[in-house]
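Enquirer: I am attaching a structure below and will ask some questions about it afterwards.
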Amino acid sequence: MGGAAVSGKTAVSGADVDERVVLAGIPLRNAVLTASGTFGYGTEFAPFLDLTRLGGFVAKSLTLEPRHGNPPPRIAETPAGMLNAISIENVGVTAFLEEKLPALPEGVVVIASAFGTEPGLYAELVARVTAHPRVAGIEINASCPHVKSGGIEFGQDPRLLAELVATVRRATSRPLLVKLSPNVTRIADMAKVCEAEGADGITLINAIQAMEVDVERRRPVLSNILGGLSGPAIRPIALRMVWQAAQAVRIPICGVGGITNAEDAVKFLLCGATAVQVGTQNYLDPTAAVGIAQGIADYARRHGFTRVADLTGALLSPKGQ
Amino acid sequence: MSANHGHAFPHPPTRSRARVLANLPEGHGRRLRLAVPDWPGSQPGQFLMLGAGAEGGAVRRDPLLPRPMAVYRELGGRGDAADCAAGERVIEVLFRVVGRGTALLADLREAERVPLVGPLGRGFAQVEADPSTPDPNATPGPASGPAILVGGGTGIASLYEWARVLAARGRAVAVLLGARSAGDLLGWLDFEALGVGLIGTTEDGSAGVKGLVTGPLADRLRESVGATVYAVGPTPMMRACAEIAAAHGARCYVSLENPMACGFGVCLGCAAPRRAGGFALVCRTGPVFPAQEIDWAGLP
């Protein structure tokens, strides 16, 4: 069986590497989550993959009441990416807790995403999801780039952000991540605010505010005019921001932005992320996240790491320095 | 379970790497014949998401998104199924080159692989049978009167399997296909072979009746009792069909083609405004809808 043992090892490549990480106090079986707004409420992916093989997933951002989104057109393809202006269309927190969460298989790590137009509404929502045993942690969306009010306002003003994080912190003892906007001048400052106000971690980055024009029709492509750019086009920007934030704070960072494969994901880990989220790639390949987790473990083994957790911040200096 | 999913798939969709069996000219368009591993079979009117070009050595990041395409024909165990490996089934899609993504699809060569997710959405029979979308013009239950299928441009591709199934059930089927010119009447010979009543219209008069397909539709409806119209094509065409059907007291179903990134209910990009307020996802509640549910003025 010697030959079989060798091929067996190839087939389970990565099994010798400890894939587990702890993100903001949430134990994950691997470092790959899926990003809010790109993974629905999880059950949409059940035909394609075993949800328990994910590190976890961040559910669609919730509001206290169900919410309709923007009129179409809501999306547009752009070079190596896409714009969206959905505007937090969601089923509302009650339907999430009573219908969506119970539909998920046991063992799936679920992080709820909270959205609101003022800190008190975020806190009320967070208090409600905190009470549910299936919620492993909470991510607050302080960065939606395409709603008329809320979201990005908090992510762009350090004083508003401080008030939001402090208010939500008082509403929950669960692991709390803050998803920050890339639409700021100094991301490190915003990361420090989150740390100072008691956030357990930071998710970086949300979509980048952007627009597109249909020249023949002489109109903006999106009904909302502005949208959020996601996909591979934003990955180097996201990487830069994760690296800058990691220099500035000690709380863990979840890296997100344009990850299409394991190599992309490893870049975020090396730059200081503890875990990553796969976003737009889920649309193209609903099985992507599971393959990326496997690929990270393969990378770790090839490079002599026994724990994926040790990849975090393992970036070396530029050659010659 | 289906209640929690919010959609009842007759067959759960799969993600696979389809193998190109043939990529043929089809008038001004293309006919792509694919061998799809683990394809569970589709219902008439369902669609799939096709990667924008062949899988190569490098990851393709631009154009990024897959393209929604109607499942034109299920060849399954018929015809070219001899080309199939075990577990593969043969399907066809028809398309026209309208941009970079479809240009890359037009370049696909035999034996290349292309990512595919499907089957997706709800087809004609599922939507017709859905008691949550009753048609005020109709008596409950499956339609039994004449079926008038109206296809415009690439919308023709959504209708072949439905025409085949209806004809096999013994329904009186008329197929009206309209396009800009003769070369845009995709699938014409296949429809002819079905032996259903077939009328073509072209805007330039290069084939069939010169004019819009809505002309023969009105003629047909004047002659029919209890007819149901199934219209697929550009939004203005479907809207006109819906209005003509309503004027004749006929029920009408349409299949929308809004842009979408995923095809299975998570990007929320394909939302169509409902007359009753709010939005319905074309990929999940549709693409087939009772025409009177759509707020036509709210569609781009």
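The values are calculated or read from the model by the stated rules, or taken from the named source; none is laboratory data. Computed from a prediction, not measured in an experiment: that's the story for all the values here. In this analysis, Cβ positions are derived from the backbone assuming ideal geometry, glycine residues included, and neighbour counts consider all displayed protein chains.
Enquirer: Does segment A:293-321 hold any residues that are modelled with pLDDT of 95 or more, within 18 Å of A:Pro236 (Cα to Cα) and either buried (at least 19 other Cβ atoms within 10 Å of the Cβ) or of a type outside the set (A, V, I, L, M) (or both), and which are they?
Expert: Passing the criteria: A:Thr312, A:Gly313.
Enquirer: Select from segment B:278-288 the residues that are in a loop (DSSP other than H, G, I, E, B) and either polar (S, T, N, Q) or more than 8 Å from chain A (Cβ to nearest Cβ) (or both) and list them in ascending order.
Expert: Once the filter is applied, which keeps residues that are in a loop (DSSP other than H, G, I, E, B) and either polar (S, T, N, Q) or more than 8 Å from chain A (Cβ to nearest Cβ) (or both), segment B:278-288 yields B:Val282, B:Cys283, B:Arg284, B:Thr285, B:Gly286.
Enquirer: Another one. Residues of segment A:188-208 being farther than 12 Å from A:Ile251 by Cβ and surrounded by fewer than 24 Cβ atoms within 10 Å (Cβ to Cβ), which ones?
Expert: Listed by number, the residues that qualify are A:Ala188, A:Asp189, A:Ile208.
Enquirer: Sticking with this one: Pairs, please: C-beta under 9 Å, at least 6 apart or cross-chain, first residue closer than 14 Å to A:Asn261 by Cβ and in segment A:284-305, second assigned to a helix (DSSP H, G or I) and among the acidic types (Asp, Glu)?
Expert: A:Ile292/A:Asp264; A:Gly295/A:Glu263; A:Tyr299/A:Glu263
Enquirer: From A:Val256, A:Val221, which residue is among the β-branched types (Val, Ile, Thr) and over 19 Å from the mean Cα position of the chain (by Cα)?
Expert: A:Val221
Enquirer: Sticking with this one: So B:Pro25 passes all but one of these: (1) buried (at least 20 other Cβ atoms within 10 Å of the Cβ); (2) under 20 Å from the mean Cα position of the chain (by Cα); (3) more than 12 Å from chain A (Cβ to nearest Cβ); (4) not acidic (Asp, Glu). Which condition number does it fail?
Expert: B:Pro25 satisfies all of (1) buried (at least 20 other Cβ atoms within 10 Å of the Cβ); (2) under 20 Å from the mean Cα position of the chain (by Cα); (3) more than 12 Å from chain A (Cβ to nearest Cβ); (4) not acidic (Asp, Glu) except (1).
Enquirer: Return yes or no: is B:Ala245 more than 22 Å from B:Val127 (Cβ to Cβ), in contact (Cβ under 8 Å) with a residue 24 or more places away in the chain, over 19 Å from the mean Cα position of the chain (by Cα) and assigned to a helix (DSSP H, G or I)?
Expert: No: the conditions fail for B:Ala245.
Enquirer: Quick one: A:Gly107 ticks every box in (1) more than 14 Å from every other protein chain (Cβ to nearest Cβ); (2) small (Gly, Ala, Ser); (3) surrounded by fewer than 16 Cβ atoms within 10 Å (Cβ to Cβ); (4) out of contact with any helix residue (DSSP H, G or I) (no Cβ under 6 Å at 6 or more places or on another chain) except a single one, so which number is it?
Expert: Result: A:Gly107 passes all but (4).
Enquirer: Consider segment A:86-101. How many of its residues are over 15 Å from A:Gly40 (Cβ atoms) and either buried (at least 18 other Cβ atoms within 10 Å of the Cβ) or away from every other protein chain (no Cβ under 12 Å) (or both)?
Expert: So the answer is 4.
Enquirer: On to the next question. Does segment B:65-82 contain any residue that is at pLDDT below 90, within 14 Å of chain A (Cβ to nearest Cβ) and more than 18 Å from the chain's Cα centre (by Cα)?
Expert: No: segment B:65-82 contains no residue that is at pLDDT below 90, within 14 Å of chain A (Cβ to nearest Cβ) and more than 18 Å from the chain's Cα centre (by Cα).
Enquirer: Could you list, in sequence order, the residues of segment B:250-271 that are touching a residue at least 24 places away in the same chain (Cβ under 8 Å), within 7 Å of chain A (Cβ to nearest Cβ) and small (Gly, Ala, Ser)?
Expert: B:Ala261, B:Gly265
Enquirer: Enumerate the pairs (first residue in segment A:38-57 and facing another protein chain (nearest Cβ under 7 Å); second residue anywhere and of a type in the set (Gly, Ala, Ser) and part of a strand (DSSP E or B)) with beta-carbon separation below 9 Å, excluding pairs fewer than 6 apart on the same chain, so at least 6 apart or on different chains.
Expert: As it stands, the answer is A:Thr38/A:Ser230, since those pairs meet every condition given.
Enquirer: Sticking with this one: Out of all the residues in segment B:289-299, is one or more touching a Cys at 6+ places or on another chain (Cβ under 8 Å), modelled with pLDDT of 95 or more, in a loop (DSSP other than H, G, I, E, B) and within 14 Å of chain A (Cβ to nearest Cβ)?
Expert: There is no residue in segment B:289-299 that is touching a Cys at 6+ places or on another chain (Cβ under 8 Å), modelled with pLDDT of 95 or more, in a loop (DSSP other than H, G, I, E, B) and within 14 Å of chain A (Cβ to nearest Cβ).
Enquirer: Which members of segment B:250-293 meet the condition of being of a type in the set (Lys, Arg) and farther than 17 Å from B:Pro44 by Cα?
Expert: Residues satisfying the conditions are B:Arg251, B:Arg274, B:Arg275.
Enquirer: Okay, moving on. Can you give me the number of residues within segment B:273-283 that are surrounded by fewer than 24 Cβ atoms within 10 Å (Cβ to Cβ) and in contact (Cβ under 8 Å) with a residue 24 or more places away in the chain?
Expert: 1
Enquirer: Of all residues being surrounded by fewer than 22 Cβ atoms within 10 Å (Cβ to Cβ) and not in a strand (DSSP E or B) in segment A:73-85, which is nearest to the chain's Cα centre (by Cα)? Just the residue, please.
Expert: So the residue we want is A:Ala80.
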